[in-house]
Structure formats: structure tokens, C-alpha cells
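Asks: Sharing a structure below in C-alpha cells format, with a few things to ask.
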Amino acid sequence: MSAPHTNRLFRPETLTALGIIAVSAAFVIPTFGMRAMSALLPAAMLAGLIILAVLLLLSDQRKAAAGEEPKPMTSAPKRVAGAFVLIVAYALATDFLGFYPSTAISVPLVAWIFGYRNPLGLAVATLVVVGAIWLIFGLGMSQEFPAGRFWKD
Amino acid sequence: MYSDLLHALPDVLGFYNFAAVIIGVIAGIVVGAMPGLSATMAISVLVPFTFGLEPLVALGLMAGIYNGAMYGGANPAGLLRIPGTPAAGATPLDGYPTAQKGQGGYALQVAVVSSAFGGIASAFALMLLAPPLSKVTLLFGPSEVFWVAVFGLASIIFLLGGNPVKGLISACFGVFVSVIGADPIFGTDRYTFGRLEIYDGISIVILLVGLYALPPVIDLLEVPLKTETDANKLGTEPIWKTLPRMKGYWKTWIRGSLIGIWIGILPGAGGSMAAFMSYNEARRTSKTPDTWGNGEPEGVAASEVANNADTASALIPALTLGIPGTAVAAVMLGGLLIHGLQPGPMLFRENPDIVFGFMWQFLFGAILLVFLGGSLATNSFARLLNLPRPLLGSVIIVLMLIGVYSIHGRMFDVYLMLGFGAIGYVMDKLKFPLPPVVLGLILGAFAEENLRLALRIGRGDWTILFQNVTSLIIVALTVAVVVGPLIKRRYLSRRQASAPGQEPGSKTGTQD
């Protein structure tokens with residue numbers, strides 16, 4: 001169990017509210033260059049987001065002042081961060097190295113890292129998944145997947 | 001009014017359309033049986049793959065998955081005390097104790113027959129109620145349609161329960177995403193930052209997959225849950241032998257169906273609420289309430305009949321007004337949109353074969369549940385619980401990438417989906433509701449278009465929005481939807497303050 005944050009600004013809802021305010025305020029700027037009717041809905045929504053985020057911020061800070069601990073967003077932050085990194089890495093690998101090689105590596109790698117460590121099961125699952133995708137999408141539906149930017153040049 | 005319904009039947013019975021329902025039901029049961037996966041997630045992943053399919057094939061798959069997943073959730077709920085889907089939340093209360101007595105197979109068969117009963121009742125409600133409602137909505141002009149969109153957003157935010165500020169933030173975010181791209185009237189560039197990929201707006205499919213599929217996948221990888229079960233110890237008998245034992249549940253089935261249908265029609269309420277309400281009512285009226293919670297199969301019937309009875313009925317406001325009753329219905333609206341079917345009054349006039357065919361598919365999906373989820377399959381579906389979660393997660397990631405990439409054949413969409421996925425994960429963990437985002441994206445563009453059309457008709461006069469009785473009625477309903485829950489909350493907190501001994505939440509009486 002990690003120690004609770006002492007800084008009130010590091011509470012998840014407070015950070016989210018501050019993020020919404022910052023991003024919405026930045027997005028308001030382009031509306032000044034739009035026609036009035038084109039800007040109406042985006043400006044209204046962004047103004048709404050800013051006001052609502054301020055309300056969220058105040059409500060969370062009030063809870064902090066009352067000594068209420070924030071609920072942790074995840075029970076395993078390292079696993080969540082690892083999952084996100086692997087998913088983004090898989091997308092990048094697909095883009096740069098190609099779909100089939102990236103998939104053949106990612107399926108067993110993700111399963112292995114997150115606890116499924118049966119080599120035979122992994123090999124069979126990878127073969128079945130990649131083979132089924134090739135049969136259904138590649139051969140059956142003539143779907144083309146990224147070949148990889150590296151190999152194009 | 002109902003002649004279109006009969007005209008649509010032959011198409012639904014075509015080979016491909018019927019096969020789609022069968023495949024959908026099986027896939028839905030498989031998805032529902034796996035804790036962490038839901039119908040919403042399955043349909044979100046499926047939607048991009050349906051681009052190249054005929055609309056009725058695509059809708060048949062969705063209807064089948066929806067019906068199948070609502071029952072599939074009973075498998076882990078009964079056998080492991082883990083609801084496979086949120087809608088199966090009340091099923092473990094009696095399903096698990098029944099399984100502990102060595103009657104797991106019977107509990108699952110009660111679940112499948114009850115699910116089928118609820119699904120059939122719900123499909124009939126959709127068939128009977130949607131056509132007349134669509135006739136009424138055909139009379140709507142731009143200002144009424146604008147108010148209907150506002151009403152839809154307001155109802156899903158305020159009737160969903162939870163924190164209304166978070167609901168409003170979700171809706172504003174969804175509407176904001178809907179304005180990205182070229183302005184539909186003037187062609188003004190809005191937030192494209194020079195990227196041609198989003199000049200026509202952001203595809204709802206990218207948003208759906210990101211919001212609804214990525215967070216469950218992260219959850220699958222986050223928690224190393226052991227879900228092993230011995231399917232040979234279920235004590236499953238052929239379903240025709242067990243059917244006579246269920247004849248005493250008919251009152252529970254009828255009551256649960258009515259509750260489920262009503263909850264389904266209400267925007268914002270969902271299958272889990274229907275299941276708990278039905279369970280409570282059935283236990284309250286039971287002659288032996290003491291046996292409930294200790295392995296009373298009728299408890300499984302009460303829960304499962306109601307969570308399936310809200311499936312098709314959730315589409316009544318979705319198809320006629322464009323306002324989905326549940327999160328799955330919101331995702332299904334996205335599925336309709338990618339086939340060029342704009343939910344709302346004109347859908348029934350312009351595409352009667354498809355919309356009425358969809359209703360038949362719900363009915364057949366519910367009937368097929370008994371055959372596909374019955375005696376033979378019960379043990380097989382129970383074995384699904386032994387699938388390793390990390391492997392499942394990695395396969396879903398691949399399917400998400402394929403689905404989103406194949407929409408336009410570009411990686412940009414995949415990166416955009418991952419961005420929405422990250423936002424969806426944070427929203428999910430901080431309890432921001434996701435349905436208002438989807439509805440905001442669907443209704444935002446729709447509301448803007450009709451608002452601007454109304455203002456053009458009124459030559460820029462904003463009072464045109466309040467100049468007819470129908471608009472005023474919808475405005476009044478919107479105000480009621482916003483103010484009603486606030487008054488109710490204040491009333492309940494006052495009552496709780498005056499009775500300090502009472503625990504908040506003790507009123508449900510379901511936490512045995």
C-alpha cells in the first residue's frame with residue numbers, strides 16, 4: 001500500500017479538473033477566429049466544461065479539507081502503466097514493422113508479461129490468432145494491413 | 001401500422017441474416033461468460049467489422065450478442081459469484097448458493113430459460129410500442145428535434161444517477177468531439193489542426209472502441225483473477241427434463257419482464273437496476289422469503305428475466321427518438337449510424353425493412369438462447385471461465401487494432417482510438433459515466449444541425465424554439481428530468497437526517 005499523498009493538488013479528481021480547465025481554455029482560443037454560428041456550440045461546450053471542472057475541483061478540495069482520502073484509481077499502477085505502454089508499443093510496431101510480425105510478437109509477449117506462462121499454450125494461441133486473422137481478413141476479405149514503414153523505404 | 005413488421009419477416013429469415021443472429025447469440029454468451037467483458041465492449045469491438053456487411057447481417061450480430069451476453073453473464077455469476085456482466089449483478093445472490101448445493105447446471109438452465117422469456121417479452125414490447133411512437137415523432141420539426149436531443153442528453157445525465165457534474169462533463173466532452181471537423185453549413189475548419197483525417201469529423205466507431213473496449217482490456221491485465229471451475233460437477237440434466245420444475249416461476253417471469261421492459265425504456269437506467277428490482281419484488285412476494293439468498297433458483301429466474309427484458313425495450317426510445325435507454329443501446333445507435341441509418345422518426349419511414357427486421361432479430365435471438373445456451377452448451381460455456389485472462393486481453397487488443405484500422409485503412413485512427421481509450425480509462429476509474437459521451441457525439445451534431453435550421457426558419461429569432469406546444473412539452477419534460485432527481489435526492493437526504501439510525505443503502509435489501 002502506498003502512502004497517501006499529502007499535497008491536496010495531487011488528488012486524482014483535482015488533477016483531472018485542472019487538466020480539463022487547461023485544455024478547454026486552450027481550445028477556446030480558436031473559436032475567436034470562427035464565424036459566430038460555427039463557434040456557438042464548441043464555445044458553449046468549452047465554457048460548460050470549464051465551469052463544471054471548477055465545480056468538480058471545489059467539491060474535491062472540500063472533501064480534502066474535510067480529511068477525506070481520495071480513492072486510488074488503480075490497485076496495480078505498474079501493471080496498468082505496463083499495459084498502456086505495451087499497447088502503444090504494439091500500435092507503433094504495427095505502423096513501423098508491419099502488422100503480422102508485430103502481432104506474432106505482441107500476443108505471446110503481453111500474455112507472458114501479465115502472467116500466462118505456458119509456452120505450449122502461448123505458441124498454439126499465437127499460431128491460431130495470427131493464422132485465423134490471415135485466413136479471415138487477409139485471404140477471405142482481402143484486407144490489407146500495415147506492411148511497416150521501415151520496409152517501404 | 002404493423003404491416004411493415006410482417007413485410008420485414010421474410011428478409012430476416014434469409015440464410016445470412018439468420019446465421020448472423022445465431023453467431024451473435026453464441027458470441028454474446030461467450031463474451032458474457034467471461035468476467036470483465038460486457039455486451040457493450042463486444043458490440044464496440046464488433047461495430048468496425050460490420051462496415052462491409054449488409055445492414056441486417058450487422059444488426060443481427062448485434063442483437064444476438066446483446067441477448068447472448070445478458071444470459072452469458074449468469075455463468076460466472078452462478079458458478080464463481082463473479083457477475084460476468086454488470087447486468088448479472090443480482091444473479092449470484094441465489095445462483096452461487098444453488099451451485100454450491102451441486103445444482104449449478106440447473107441454476108444455469110433456469111437462467112437461460114428466464115433470459116429467453118425476458119428477451120421475448122422485450123422484443124414484443126419493442127414491436128408493439130415503437131411503431132406508434134415513431135408516428136408521433138414524425139410530426140416533429142427542427143425545433144422539436146433540437147429539444148428532443150437536449151432531452152435525451154439531460155435524461156441520460158440526470159437519470160443515470162451518480163454525480164450530475166461528472167455526467168454533464170461527459171456530455172459536454174461528447175458534444176465537443178461532435179463539432180470537430182468541418183462546419184456542416186459554412187465549412188469552417190473546427191479543431192482539425194490541418195489533419196485531413198478528421199476533416200469529416202471523428203468516426204463514432206473510433207470513440208466507441210476507445211471508450212468501451214480499452215478500459216476492460218486494461219482491467220483484464222490489471223487484476224490476475226483466477227477463474228477455474230470444474231464443469232463436470234455442475235450436475236447438468238437435459239433441459240427438457242428440468243423445464244417442468246420451472247413452471248412455478250411464471251409469476252416471477254411476468255413480473256420481472258414488466259419491470260425489465262419499463263427500466264429499459266427509461267433513459268439512463270440499465271439491466272442491473274432491473275435485475276435487482278425484480279429480485280427484490282420476487283423475494284418480497286415469495287411465500288418462503290427465508291430461503292432466498294440460500295440457493296433459491298427462483299432468485300436466479302427473477303434476476304435473469306429482468307436483465308434480458310430490458311434489452312429490446314431499451315431500443316424503443318433509441319430507435320424512435322434517438323435516445324438510448326442503456327449504454328449498449330447507445331453503442332448500437334453508433335452501429336446504426338455507420339450503416340447510414342439515422343435513429344429517429346425518419347428511420348421507420350425510410351428503412352422499414354431494416355428497422356422492423358432488427359426487431360424480429362431481437363425476438364429470434366431471445367428464442368435461440370434456449371437452444372444455444374441450453375443443456376448441451378451449459379457445460380461448454382462453463383469451461384470458458386478457464387480461459388487465461390492475459391491471453392484474452394492480448395487477443396482483444398489485436399481485434400481492436402484490426403477493427404479500427406480497417407475503417408479507413410490508416411494508423412491515424414488507431415492512435416486516435418488509443419487516445420480516447422486513455423481518456424475512457426481515466427473517466428471509468430473516476431466514475432465519469434461513459435454513455436453521455438457517446439450520446440453527446442451522436443446528438444451533438446444532430447442538435448446543432450436542427451438548431452441552426454430552426455434559427456434559419458425563424459430568421460435568427462431564438463424564440464422560435466419556444467413557439468409551439470410540442471416544443472414546450474419537451475422543454476417541460478427536460479426541466480422535470482433535471483430537477484426531479486435533485487428534489488428526490490434532497491428529500492432522501494432530509495429523510496435520512498431525520499432517521500439517523502438508518503444506513504444509507506439499506507433500502508435495497510439485496511446485500512445478503
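The numbers here are math on the coordinates, done by the rules we state, and not lab data. Remember, predicted model here, so these are calculated numbers, not experimental data. Note: ideal-geometry Cβ built from the backbone for every residue, glycine included; neighbour counts use all protein chains shown.
Asks: Convert each backbone phi in region B:286-302 into a coupling constant with the Karplus relation 6.51 cos²θ - 1.76 cosθ + 1.60 (shift: θ = phi - 60°), then list the ³J(HN,Hα) values in order as whole Hz, x for Gly and Pro.
Replies: Each residue's phi maps through the Karplus curve to give 6, 7, 10, x, 5, 7, 6, x, 10, x, 9, x, 5, x, 5, 4, 4 Hz.
Asks: At 1.567 mPa s and 4 °C, plugging the Kirkwood radius over alpha-carbon pairs of region B:388-471 into Stokes-Einstein gives what diffusion coefficient in µm²/s?
Replies: It comes out at roughly 78 µm²/s.
Asks: Per-residue mean of other chain beta-carbon atoms within 10 angstrom of the beta-carbon, peptide A:77-88?
Replies: For this peptide, the per-residue mean of nearby foreign Cβ atoms is 5.
Asks: Related question: Based on other C-beta atoms within 10 Å, arrange A:SER59, A:SER142, B:SER394 from fewest to most.
Replies: With the sparsest Cβ surroundings first, the list reads A:SER142, A:SER59, B:SER394.
Asks: By how many nm would the segment from B:ARG456 to B:LYS241 grow when fully extended, if each residue of separation counts as 0.36 nm and the alpha-carbon distance is taken off? Don't skip to the end; give the middle numbers.
Replies: On the way: separation 215, 0.36 × 215 = 77.40 nm, distance 6.66 nm.
Extending this stretch completely gives an extra 70.7 nm.
Asks: Can you work out the Karplus-derived ³J(HN,Hα) for every residue in region A:36-46? Use 6.51 cos²θ - 1.76 cosθ + 1.60 with θ = phi - 60°, whole Hz, and x for glycine or proline.
Replies: 4, 5, 6, 7, 3, 5, x, 5, 4, 5, 5
Asks: Next question, about the same structure. Taking the Cα centre of chain A as origin, work out the dipole magnitude from +1 charges on Lys and Arg Cβ and -1 charges on Asp and Glu Cβ, in debye rounded to 20.
Replies: It comes to approximately 260 debye.
Asks: Moving on to the next point. Using every pair of alpha-carbon atoms in region B:55-118, split the distances into 10 Å bins beginning at 0 and state the percent of pairs per bin, rounded to integers.
Replies: In whole percents, the pair-distance histogram is 25, 47, 19, 8, 1.
Asks: Right, next: Determine ³J(HN,Hα), in whole Hz, for all residues of region B:133-147 in sequence, where each value follows from phi through the Karplus function 6.51 cos²θ - 1.76 cosθ + 1.60 and θ = phi - 60°; x replaces Gly and Pro.
Replies: Values per residue, Gly and Pro as x: 5, 5, 4, 5, 6, 5, 7, 6, x, x, 5, 5, 5, 4, 5 Hz.
Asks: Rounded to a whole number, what is D in µm²/s for chain A from Stokes-Einstein with the Kirkwood radius over alpha-carbon pairs (4 °C, 1.567 mPa s)?
Replies: Once the numbers are plugged in, D ends up at 64 µm²/s.
Asks: Sort B:55-67, B:347-359, B:190-202 by the packing proxy (mean of other Cβ within 10 Å over each peptide's residues), most packed first.
Replies: Ranked from most to least packed, the peptides come out as B:55-67, B:347-359, B:190-202.
Asks: How long, wide and thick is the protein assembly as shown, going by the Cα atoms along their three principal axes, in whole angstroms, largest first?
Replies: On the principal axes, the protein assembly as shown reaches 71, 65, 63 Å in Cα extent.
Asks: So for chain B, what percent of the C-alpha to C-alpha distances run longer than 45 Å?
Replies: Across chain B, Cα pairs with separations above 45 Å total 11 percent.
Asks: How large is the helix-only mean residue ellipticity at 222 nm for chain B, computed as the sum of -39500 (n - 2.57) over DSSP H runs with n ≥ 4, divided by its residue count, in deg cm²/dmol to the nearest 500?
Replies: It comes out at -21500 deg cm²/dmol, rounded to the nearest 500.
Asks: Using modelled amide H (1.01 Å from N, peptide plane; none on Pro or chain starts), what sits under 5 Å from the amide H of B:ARG190, excluding residues fewer than 5 places away?
Replies: B:GLY181, B:ALA182, B:ASP183
Asks: Which of the peptides B:444-452, B:130-138 is most tightly packed, and how do the rest follow, going by the mean number of other Cβ atoms within 10 Å of each residue?
Replies: B:444-452, B:130-138
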